[in-house]
Structures are given as C-alpha cells and as structure tokens.
Amino acid sequence: MKAALALFLWMLLVAPAICSAQDLELRSRAVGLLEKAEALSLTPNPPNVERVDTFRVFDASAAAREGSFSRVVIQGVGRREETTFGAYHVINVWRGSVLVTTRPNALAPPEVATVMHVTPINLPRFDQSDVIRAITDKSVGGRAVHCIEFDTIVGQSREANELCVDGSNGTLVSEKLGQDVIENSDFFPFAGSLVPGKITYAIFGSAPKLEITQTMTVLEEAAANVLEAPPDATTLHLCTTFRRAIGQSVPQPKEGRGGRDYDVVIRGIIGTDGKIQGAVVQSSPREDLNAEALSLIAQWVFSPSLCNGRPNQTEASFVLHFQGR
C-alpha cells in the first residue's frame, strides 16, 4: 500500500509539473498530427479481407530467414490466421467465443511476436509521461516529413523518442520509440485507409533486423471452408470470468555501480503452477545481460491466472530493470 500511495502522490505532484512545462500549443499540434495519422490508417467500414505478410529476418551471423503470416477475416463470423517461420507453424481459427488451434499455449518466436506488433501498422499515442520538445521539418527518402520529438519520462528514466508523419498525406512513416525503430513505406489505398506495403524494424543504431511486405485484398466471395477447423486441432473457449496472474516473487537484477539503465524484455508462459515456462528474450539492448535476465525470470513465481475459476496458462511479457549497469 505504501508503494502504491507513493506512486499515486508522484503522479499528482510531478505529472502536472511535466505537463505545465510544455508548450500547450505545440502539444496540441503534435496530438493532431498523430490523430490524423491514426485516422488515415484505420478502415472505417472493414470488408471481408485477406491480409498476407511475408517477412525476412536478418542476422549478421547467419543467412536471412523467411516467414509468412496470413489473416482472413469474415466480418461478423470469424477469422483464420496461419503463421510459418522455420519449425514454427500454427493455424488459429476464431468463431465467436471459440478458438480452434493447432498449437495451444505455444510461444511464438520473438521474430514472429515482433511482426505481430508492427503490423498492419504500429500506432502509438501520447500520454502524461510524454513531453513534446519540438516539431521539425525534415526529408526522408526525398519526401518532406514533420517529426515530433518528445521525451518519455517514467520516474528517473528519460527516453528520447521521435515520430515522423508524411508532410503531404499525413501517414506515419517512421517511429523511434526507445531502442525500437520502425519505418513504414509504399503505402497503398485499402477500403478508405492507407496501409504500408513495406515495414522495416531495427534496433536504434543498427542495421534492419526485420523486413515485411504486406498486402490486403477485399474478399468479394469467401471460400465456404475458410473457417473450418484444421485437423487434429484443440478447441478452446473464451473465459466468461478471468483474473490475471499476480506476481508473488519477482526479483530484479542487482544494482550496478553507476553505469546506464537497461530494460530486458522476456516473454514466456505463466503455467498453472505459477512458474514461467519457455522463456525467451524478446528485446534486449545488451546481449551480455540476457543470460542473467533468463536466470532471474526462472525464479519468478505468480499466482496463476484464473479462467472460470480454474488456474489457466497465460502468455505474458516481463521487464527486468538493470540499473547502473
């Protein structure tokens, strides 16, 4: 309770000071640019659609690897998704509150999770932790863009970020959020929106790690069997009541001796015993911290989530804070 109260008081005392230090007209303009980009990227009346993403993953120590993701949506009925990347292959079919899947509780590889995060387009929003510093005019790939420069401030952490929108049509063309850099290009019209045909993802200061080609097609007539259950699949039902997993013991890394602060993001499945299974590193600014992060996450213990009153496995992301390292 004391920790929660301290956080609440910090929000009351510090957040207004952050907001008042800003140029409100500048913030209003930044919010307007981002809202326009969002409106351009959302389909007002979604039709039946087939979306296909093909992607390439780049690793300096190995040849490029390829994968694919497809989604067919029949409005008001359901959707079918299929993902293939190396040995990972899963088909999911949703109909109302029922999911039929070929790999229940399978943890997607980090590369696939990133594809899901940045497609069909990543649309961030400002909140009270974001302080707008400037809006500057630049040129990206020969096109004029308006770039919103802002800091995200959480406690003692300050992150310099940037969002750039096309000066001509207002679409979101680049995002620098923490160490993540996303670039959207080759926009095409689809059902009243503009969709990026190409998306690249990189870690700031490094070569691209992921390149995605994206297409969308209106389905005038969907095949009758598109939402049929795949063979040997498992049927899961939506929880009518749900309680999230609650951390009981979540030790963080020991504080360093005055270096920088880093966050390592881990993904895994919280099992019915409250322990984390199949943990993988989703993102890390320093690979030498990964082994320590995985060793610590193996010690974390939760009260498992409850689905209809029964313990349930849940996929989740976890952040380990390395201070002064």
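Values as computed for the structure displayed
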item	result
FRET efficiency for Q277 and T215, using Cβ-Cβ distance with R0 set to 25 Å, rounded to 0.05	0.10
Fluctuation leader among R158, R257, R310 - the chain, Gaussian network, Cα springs under 10 angstrom	R257
Nonlocal amide H pairs with F190, under 5 Å, H built at 1.01 Å	V195
Student exercise, the chain dipole from Lys, Arg, Asp, Glu Cβ charges, in Debye to nearest 20	800 debye
Full-stretch length increase - F188, S68 - with 0.36 nm per residue and alpha-carbon distance subtracted	41.2 nm
Built amide H within the under 5 Å cut-off of G167, gap 5+	A144, V145, H146
Partners for K275 among aspartates and glutamates (Cα-Cα distance below 20 Å; same-chain residues under 8 apart left out)	E292, E315
Helical contribution to [θ] at 222 nm, DSSP H n ≥ 4, -39,500 (n - 2.57), averaged over the chain, rounded to 500	-5500 deg cm²/dmol
Charge dipole of the range 242-322 about the Cα centre (unit charges at C-beta), most positive-ward option of V265, L289, S303	S303
Most fluctuating residue given options S295, S249, S61, as computed from a GNM of the chain linking Cα atoms under 10 Å	S61
Gaussian network model of the chain, springs between alpha carbon atoms under 10 Å - residue of V264, V140, V100 with greatest fluctuation	V140
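Read-outs: derived from the displayed coordinates by stated rules, not from any lab. All of these numbers come straight from a predicted model, not from anything done at the bench. All Cβ positions, even for glycine, are placed from backbone atoms using ideal geometry, and neighbour counts span all protein chains on display.
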